[in-house]
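Student: If you scroll down you'll find the structure; I have some questions about it.
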Amino acid sequence: MPKPPANPSSTAPERSEASLRALQQAGDLQVRTAAEFRALAAARGLEQAFATTHVVAAADAGFTDQFSLHLSLGPSDPPIRLRQARIDGVEALCGCGSGELVLPAAGAPVLAALLAGRSVHLAASGAGTALQPRRDLHTSLALEQIGNARLELHRAIGENGVVAVSSAPGLTATAMGPLLGPYGSALFSCVGAGSIGLTMPGLAQLGPGSPVLAGGGLGWITGPGSAHQPGVPRSPLGHALAPGASAAVSVDLRALAPRWVRPCHFEGHGPGLLVAIAAPVPLLTLAAARQAAAGPELLEAPVLDLSIPRRLKPSLGRVSYAALLSGSINVESRRLRCGPACSPQLAQEAAEHLAAELRDGRMPLRLPLRGLGSRSTLVPLEG
């Protein structure tokens, strides 16, 4: 638990990035997880909680199939300019440079092998140029043999999630897991009140260059993520009532830990990752503290019928995260059992880990030079 400040006051002083960094350097930064901050605000009031908390640690731990592996290989002898390549049977994209490879989400097992310390097999063919004459290459690769290796999470952080149901009979395969229909079960994709986007509406203090903990390692926001929609409907406190703003994150594979990033496979859909991501939420104003203190009864997610193979899914209203966490919800006069398509426990552990890193000064505090922007990246394809 955070140590109490020397002179707590209900009248909070003006806060800035510089003042918070000075507190961190002095060892006086007061950090609480989102759950701890909500409990303190409920017990002692918002102003007292704000006065005794500088930063809230929020976290997500959800499934994603929106990621890629970027590998930079050194030269062979004789040199090869990669034209086609497979790693453990997974086809990689070549052509970004003589030794650059990009693996899509199907490379999740490759990531698992590398993080476990195992070698993977590279089978490649070359262009056969005058200075890079080699045409074939077969070798094994361990993580230490890869010059640069990064995990790119194209939608690492989302402002809210959805509740998925199916009106179709039988099982419907989705990126969240199988749904039993018609209306037999429900899955929700966001951990709720402790998540980054529902603690920090609009992801307002994130932008290019913002540090986050991704998969246990220090990652960096690279910009708005896929399906970035900051203009969605919002509650009176400013929380998104649908998937809103999103951010992309890049992290070095060597910084990842299997505890915090777990490859998986959804039958009928494909590979994915369960990734724990935690971000600091600096409480610069009382308004930001009020948003961070909102409980699950004040936060809602939309219910969508994912069995309809159309871009716009039928909406069946919204439900509160308090109802979702109870294990059952009411949807159009039906009582459905529901469960998380995410890991609230892993998210809480990631938040606690981040809080300790911030208190000890091992995690940098930095506000972005610019935000994620107001332009939506969700532009439908026509045709």
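Student: Assign unit charges at the C-beta atoms only (+1 for Lys and Arg, -1 for Asp and Glu), then state the dipole size of region 74-146 relative to its Cα centre in Debye, rounded to the nearest 20. Before the final figure, lay out each step's value.
Tutor: Working: 6 positive and 6 negative charges, 33 e Å.
Dipole of region 74-146, to the nearest 20 debye: 160 debye.
Student: Report the gain in length on full extension from GLU332 to ARG375: 0.36 nm times residue separation, minus Cα-Cα distance, nm rounded to one decimal.
Tutor: Once the chain is fully extended between GLU332 and ARG375, it gains 12.1 nm.
Student: Could you tell me which residue out of SER72, ALA92, PRO208 lies farthest along the dipole of the chain toward its positive end? Charges go on the beta carbon: Lys and Arg +1, Asp and Glu -1, centred on the Cα centre.
Tutor: PRO208
Student: Points 7 angstrom from Cα along the Cβ direction at ALA116 and SER235: gap in nanometres?
Tutor: Roughly 4.1 nm, to one decimal.
Student: Run the simple label-point estimate for ILE308 and LEU286 please: 7 Å along Cα→C-beta, distance reported in nm.
Tutor: 4.4 nm
Student: Counting other C-beta atoms within 10 Å, which of HIS265, HIS228, HIS239, HIS121 has the fewest, and how do the rest follow?
Tutor: Fewest-to-most ranking of HIS265, HIS228, HIS239, HIS121: HIS265, HIS121, HIS239, HIS228.
Student: What percentage of all Cα-Cα pairs in region 74-146 are separated by more than 21 Å?
Tutor: In whole percent, the share of Cα-Cα pairs in region 74-146 beyond 21 Å is 21.
Student: If each Cα of the chain is one equal point scatterer, what is log10 of I(q)/I(0) from the Debye formula at q = 0.08 Å⁻¹?
Tutor: With one equal scatterer per Cα and no solvent, log10 I(q)/I(0) is -0.46.
Student: While we're looking at this one, here's another question. For every other residue with a beta carbon closer than 13 angstrom to the beta carbon of ARG150, add +1 if it is Lys or Arg and -1 if Asp or Glu, then tell me the sum. Walk me through the numbers on the way to the answer.
Tutor: On the way: positive: ARG254; negative: GLU100, GLU152, ASP252.
Every neighbour counted, the sum reads -2.
Student: Still on this model: To make sure I understand, if each residue's beta carbon is the centre and we count other beta carbons within 10 Å, what order do CYS338, CYS190, CYS264 fall in, fewest to most?
Tutor: In increasing order of surrounding Cβ atoms, one gets CYS264, CYS338, CYS190.
Student: Taking 0.36 nm per residue of sequence separation and subtracting the Cα-Cα distance, how much length would be gained by fully extending the chain between ALA168 and THR129, in nm to one decimal?
Tutor: Net length gain for the segment: 8.6 nm.
Read the figures in this text as sums done on the coordinates, not as results from a lab. Worth saying up front: this structure is predicted, and the values here are computed from it rather than measured. With ideal geometry, Cβ positions are generated from the backbone for all residues, glycine too; neighbour counts draw on all protein chains shown.
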